[in-house]
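As structure tokens, the structure follows; a few thoughts come after it.
The values are calculated or read from the model by the stated rules, or taken from the named source; none is laboratory data. Small disclaimer: the values here were computed from a predicted structure and weren't measured. Positions of Cβ are generated from backbone atoms using ideal geometry, with glycine treated the same way; all protein chains shown enter the neighbour counts. Remember, those area values only see protein heavy atoms, side chains included, never the ligands or the DNA or RNA. Shrake-Rupley method; radii C 1.70, N 1.55, O 1.52, S 1.80 Å.
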Amino acid sequence: PVPQLRAVRAPTLLLWGDTDRAVPASHAEDYRRVLPDSRVVILPRIGHAPMEERPAEGLAALRGFLDG
């Protein structure tokens, strides 16, 4: 999705679970390199849906990102 990602200009949080088998966390760095204003947070012991698996941890990461 590189062409689409390059069009993103908003600050972006890349929230990943380290046990994600659908899109492994190793891909996060590839996304970060393409997105000009992004931050990667990899959550331990979480799979593909951090916001469902451990909502409190996902929310903490989101709040930290929004608080800048």
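Just the protein heavy atoms count here, and of the accessible area of the chain at 1.4 Å, carbon and sulfur take up 56 percent. Helix 55-67 and the longest principal axis of the C-alpha atoms of the chain enclose an angle of approximately 40°.
For the chain, the ratio of Cα radius of gyration to the globular rule of thumb 2.2 N^0.38 Å stands at 1.09.
Just flag the trypsin sites (Lys or Arg not before Pro) in the chain sitting in loop per DSSP whose Cβ has no more than 14 other Cβ atoms within 10 Å.
Answer in residue order: 9, 21, 45.
Dividing the mean sequence gap of close Cα pairs (under 8 Å, 6+ apart) by how many residues the chain holds gives a relative contact order of 35 percent. When the P(r) of the range 25-64 is calculated, the portion above 13 Å amounts to 56% of the C-alpha pairs.
Of the residues 10, 46, 28, the one whose Cα sits farthest towards the positive end of the charge dipole of the chain is 10 (charges of +1 on Lys and Arg Cβ, -1 on Asp and Glu Cβ, taken about the Cα centre).
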